[in-house]
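S.K.: Quick one: structure below, then a few questions.
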Amino acid sequence: MEHSVSIEYARCRGCTTCMKTCPTQAIRVRRGKATILDERCIDCGACIRSCPHKAIKAVSDPLTCLEEFQYTVALPDPALYSQFQNMDNIDRILDALTGLGFDAVYETAKGASLLTDYARSHPEALRDVPRPIISSACPAVLRLIQIRFPQLIGHIAATISPVELSAILARQKAVEETGLLPEQIGVFAIVPCSAQVTEAHSPGDLQAPVLDGAFSIQDLYLKLLGPMKRIDTPRPLSTAGRAGVRWAFCGGEASVRGSGERFLAVDGMDSVIQVLEAIEDDRITDVDFVELSACTKGCVGGCLTVENPFVAAMRLRHLIDGLPASTGSFDDEVGDPALIQPDKPLEFSPVLLLDEDRRAAMEKMAAIHDLERQLPGLLCGSCGAPSCHAFAEDVVLGRADRSDCIFQVRARMQEITGDGDPDDYLPTPFRKRRTSDKAVHVARGTNLRSNGPKYPPA
């Protein structure tokens, strides 16, 4: 898989902040710099948000890619509409995109609207999917399920994402209108997060990418301001209704699926993991559909957006008030249900596999547990791993040395010095606690400044 998240090592200070926020323990800090374990990374962007030194970024395509095609189509995510103040007309944004070099615009919200209509008009299509059905819209969540919750793969809705459907329809439309060959037409998504950048080049549910690239909202935001101001009367380019635009914020997809469905909408990776654990344990049985968004408030809170997610969600709700409920139907504009079916099943990604040989894997697992019992269990991160278990795993797999743990160093120093106290050579946070006069007084409930009791007697 070609990941979009990368580290700019000149900026990295090795502070371990990103390591502690990664939901899949994909980051290690070695020799003062953070590194990413590609097989564990889900491109969720948590590290991008948390890095205080702006050393982690998502690498998207440059606008010069447009020059490689005779005709280009932009696929803006509806989250783009929420990034601008005092915006009351989506057409202004869409018209401005043509000023950046795109020949045409096809909204991702249009694909979302058609998928909404499909869910409403063809409920039998997902009849055999175990409940609760999990939305397939968020690529970071899908990758998380592949890595940590493989038993839930069967719960995922068997449909491609809105941006993938929009890319297919946009290319078909461009071929009909221009007479060009499909390969002469470039279709590019404008996305709010790093996971969608990765999906554009390495889709998990399709044999081959249907997009030719992806641009982040951050990269195009400033470039759009000038053309938007110069437009007096924008052309009527928007074809998506409220049903499709709602997908940009958490709960939008679930709320428009069907009147009889019981749904749950959850945003934020920590909450997503909690819900997936509950589903895995069969503790959520009264819900038909679950919409999971890795980002706070949904796509409007993606790591490649520029606006506060709460403000963006408010703006988008205000903006859709003037839109029609829906535009077009799936049967009229798509027709063939096979077009939205994945042609490659999602599979379990065994990133935690210790060894191909079962006996060797069991021996390594035992070695990991033995070493973990010798570790302090403080999750301090000084070893460069997010937990003592992860550190023990790194040692057994040859990715780290026992001496990387400061507490293992202390024990070794004690062994070498004999009667000496190794705490004299260690930084204060890693020294053993010593009983002080203050600690004694606190334990007794007295105050050092006054000889009386710290709290009134019972």
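S.K.: Considering only the range 377-388, state which residues are within 18 Å of Gly32 (Cα to Cα) and either over 27 Å from the mean Cα position of the chain (by Cα) or crowded, with 20+ Cβ neighbours inside 10 Å (or both).
M.R.: Within the range 377-388, Cys383, Gly384, Ala385, Pro386 qualify.
S.K.: Oh, and also: Under 8 Å by Cβ, and 6 or more places apart or on different chains, what pairs join a residue from the range 313-328 that is at positive phi with one that is in a helix (DSSP H, G or I) and crowded, with 20+ Cβ neighbours inside 10 Å?
M.R.: Gly328/Lys110; Gly328/Ser113; Gly328/Leu114; Gly328/Asp117
S.K.: Filter the range 15-36 down to the residues that are part of a loop (DSSP other than H, G, I, E, B) and touching a residue at least 60 places away in the same chain (Cβ under 8 Å), then identify the one that is nearest to Ser382 (Cα to Cα).
M.R.: Looking at residues that are part of a loop (DSSP other than H, G, I, E, B) and touching a residue at least 60 places away in the same chain (Cβ under 8 Å), I get Thr16.
S.K.: Residues of the range 266-285 being in a loop (DSSP other than H, G, I, E, B) and under 19 Å from Gly154 (Cβ atoms), which ones?
M.R.: Asp281, Asp282, Arg283, Ile284, Thr285
S.K.: Take Gly241 and tell me if it is at positive phi, crowded, with 20+ Cβ neighbours inside 10 Å and assigned by TED's automatic domain parsing to the domain that holds Ser329.
M.R.: No: the conditions fail for Gly241.
S.K.: Something else: From the list Val141, Val187, Val129, which one is on the phi < 0 side of the Ramachandran plot, surrounded by 24 or more Cβ atoms within 10 Å (Cβ to Cβ) and not in a helix (DSSP H, G or I)?
M.R.: The conditions single out Val187.
S.K.: List the number of the failed condition for Lys173; all other conditions in (1) in contact (Cβ under 8 Å) with a residue 12 or more places away in the chain; (2) outside any helix (DSSP H, G or I); (3) out of contact with any Asp or Glu (no Cβ under 7 Å at 6 or more places or on another chain) hold.
M.R.: (2) is the only condition that Lys173 fails.
S.K.: How many residues are of a type in the set (D, E, K, R) and over 30 Å from Pro139 (Cα atoms) when one looks only at the range 343-402?
M.R.: Matching residues across the range 343-402 total 10.
S.K.: Continuing with this model, one more query. Would you check if Cys47 is assigned to a helix (DSSP H, G or I) and either in the same structural domain as Asp219 (by TED's automatic domain parsing) or crowded, with 22+ Cβ neighbours inside 10 Å (or both)?
M.R.: yes
S.K.: Let me ask something else about it. Residue by residue through the range 244-259, note down the ones that are without any contact (Cβ under 8 Å) to a residue 12 or more places away in the chain and crowded, with 24+ Cβ neighbours inside 10 Å.
M.R.: Within the range 244-259, none qualify.
S.K.: Here is a list: Asp91, Asp95, Asp77. Which entry is of a type in the set (D, E, K, R), under 30 Å from Phe310 (Cβ atoms), within 19 Å of the chain's Cα centre (by Cα) and assigned by TED's automatic domain parsing to the domain that holds Phe215?
M.R.: On inspection, the qualifying residue turns out to be Asp77.
S.K.: Restricting attention to the range 18-38, which residues are on the phi < 0 side of the Ramachandran plot and basic (Lys, Arg)?
M.R.: Matches in the range 18-38: Lys20, Arg28, Arg30, Lys33.
S.K.: Would you check which residues across the range 343-365 are at pLDDT 90 or above and within 27 Å of Glu199 (Cα to Cα) and list them?
M.R.: Across the range 343-365, there are no qualifying residues.
S.K.: Quick check: anything in the range 114-124 surrounded by fewer than 21 Cβ atoms within 10 Å (Cβ to Cβ) and not in a helix (DSSP H, G or I)?
M.R.: yes
S.K.: Only residues in the range 61-84 that are over 30 Å from Arg315 (Cα atoms) count as the first member; pair them with residues that are part of a loop (DSSP other than H, G, I, E, B) and small (Gly, Ala, Ser), Cβ under 7 angstrom, at least 6 apart or cross-chain, and list the lot.
M.R.: So the pair list comes out as Leu66/Gly101.
S.K.: While we're looking at this one, here's another question. Would you mind stating whether Leu316 is under 23 Å from the mean Cα position of the chain (by Cα), of a type outside the set (Lys, Arg) and assigned by TED's automatic domain parsing to the domain that holds Leu224?
M.R.: So Leu316 passes the test.
S.K.: Do you know which of the residues in the range 270-289 that are at pLDDT 95 or above and crowded, with 18+ Cβ neighbours inside 10 Å is farthest from Ser329 (Cα to Cα)?
M.R.: Restricting to residues being at pLDDT 95 or above and crowded, with 18+ Cβ neighbours inside 10 Å, the top hit is Ile273.
S.K.: Next up: Any idea which of (1) more than 24 Å from Arg49 (Cα to Cα); (2) hydrophobic (A, V, I, L, M, F, W, C); (3) assigned by TED's automatic domain parsing to the domain that holds Glu107 is the one Val287 doesn't satisfy?
M.R.: Val287 satisfies all of (1) more than 24 Å from Arg49 (Cα to Cα); (2) hydrophobic (A, V, I, L, M, F, W, C); (3) assigned by TED's automatic domain parsing to the domain that holds Glu107 except (3).
S.K.: Among Lys297, Lys344, which is the only one that is assigned to a loop (DSSP other than H, G, I, E, B) and surrounded by fewer than 22 Cβ atoms within 10 Å (Cβ to Cβ)?
M.R.: Answer to the check: Lys344.
The rows are residues; the columns are (1) within 27 Å of the chain's Cα centre (by Cα); (2) assigned by TED's automatic domain parsing to the domain that holds Ala112.
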| position | (1), (2) |
| --- | --- |
| Ser326 | no, yes |
| Leu375 | no, no |
| Ala390 | yes, no |
| Glu393 | yes, no |
| Asp401 | no, no |
| Asp404 | no, no |
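S.K.: All but one of (1) farther than 16 Å from Leu100 by Cα; (2) out of contact with any Leu (no Cβ under 7 Å at 6 or more places or on another chain) hold for Gly213, so report the exception by its number.
M.R.: For Gly213, the failing item is (1).
S.K.: Please report, ordered by residue number, the helices (runs of 4 or more DSSP H) entirely within the range 216-258 with at least 1 residues that are over 28 Å from the mean Cα position of the chain (by Cα).
M.R.: 217-230
S.K.: Name the pairs whose Cβ atoms lie under 9 Å apart, with the first residue in the range 196-219 and farther than 9 Å from Leu304 by Cβ and outside the structural domain of Gln172 (by TED's automatic domain parsing), the second acidic (Asp, Glu) and modelled with pLDDT of 95 or more, and 6 or more positions between them or separate chains?
M.R.: none
The values are calculated or read from the model by the stated rules, or taken from the named source; none is laboratory data. Computed from a predicted structure; not experimentally measured. FYI the Cβ positions are ideal-geometry reconstructions off the backbone, even for glycines, and counts take in every protein chain you see.
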